[in-house]
Each structure stands twice: as C-alpha cells, then as structure tokens.
Amino acid sequence: MKLSKILFPTDFSHTGDAALELASTLARESGALLLIVHVEEPPVAYGGGEMYYGMPEPAADEIRRMLQAVRPTDPQVRYEHRLVTGDPAGAIVRLAEDEQVDMIVMGTHGRTGLSRLLMGSVAESVVRRAPCPVITFRHPAKKPSAEAPAPAPSPP
C-alpha cells in the first residue's frame with residue numbers, strides 16, 4: 001500500500017503516545033506526510049439556550065502551543081499541524097476526506113461497558129465512517145512493578 005498522507009488525531013493524552021510512534025514509523029518508511037490534528041469541541045447549547053462548556057478547556061493559545069509540541073518521534077518525518085473545531089469523530093473523518101489521507105492512525109482509551117456506552121468511542125465512530133483504513137492503538141495496561149512485593153499466601 002502506497003501511503004502519501006497519514007492522519008494522526010491527538011487529544012494530548014498518553015493513550016496516543018504509542019500510536020504517534022507507529023504513525024511516525026509508517027510515515028518514515030513510506031515517505032508520507034504526517035498530519036497531526038487536534039479537534040476542539042465547541043460548547044453545547046441545552047435547555048433554554050444556555051451554553052454548557054463541560055470540563056474547562058485550555059485557552060486557544062495554549063491548545064495551539066500543545067498541538068505544536070506534538071511532533072513525530074522521528075525527526076526525518078515531514079509533518080503539518082491542523083486545529084479544527086467540531087465533533088471529534090466527524091471532524092476527523094471530514095479532514096481525512098478533505099485532505100485525501102491514505103490512513104488514519106489513532107490511539108484509543110480502550111473503554112468498555114458502561115463507560116464506553118456513556119462516553120462513546122471516537123475511535124469506533126472513525127473506524128465506521130472513515131474513507132480510508134484506520135489503525136487504532138490501545139495504550140497497553142501498566143505492568144506490575146518488578147519491585148512490588150509478592151502477594152502473601154492465603155491462610156490454610
């Protein structure tokens with residue numbers, strides 16, 4: 001598969017670290033441009049038209065600074081940043097279409113059950129709607145520390 005553009009969405013969490021490394025490797029090996037994107041969600045109107053802002057977001061300048069700090073893990077990879085506004089999954093799919101990307105590589109939080117039902121899954125929605133292949137990378141669970149004491153044996 002010839003790749004000329006790879007899209008990497010970031011929410012600035014550590015779940016995307018391994019996905020960024022994979023996206024950087026794929027971009028380097030194929031000579032592709034890496035588009036690093038963050039989607040800023042607009043506030044939602046509810047009830048009598050009041051705006052609900054949810055969790056406070058950093059200021060726009062801070063978001064741009066945070067986005068500029070996200071760079072490929074390989075300095076030889078060509079990259080560009082995009083800051084877009086909208087529903088995260090919809091904005092990612094729309095950008096993939098507009099930019100004619102060949103692949104999307106994104107981290108996933110790996111939520112299951114009620115948490116996934118309530119919060120939804122941006123990655124799942126992108127996979128279902130994307131015009132190109134999508135690789136999702138779930139951040140591995142933390143391994144127990146090698147220095148952690150062994151559990152005490154249970155009494156007979």
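Rule-based calculations on the coordinates, nothing more; no lab input. Nothing here was measured: the structure is a model prediction, and the numbers come from that model. Please note: Cβ atoms are built from the backbone with ideal geometry, for glycine as well, and neighbour counts cover all protein chains shown.
Remark on V77: its backbone amide H falls under 5 Å from none of the residues 5 or more positions apart or on other chains, H modelled at 1.01 Å from N. On the beta carbon distance between Q100 and R138, with R0 = 25 Å, the FRET formula returns roughly 0.40. The local environment of E21, defined by Cβ-Cβ distances under 13 Å, has a net charge of -1 under the rule Lys, Arg +1 and Asp, Glu -1. Close amide H partners of G107, meaning residues 5 or more places away or on another chain with modelled amide H under 5 Å apart, are F137.
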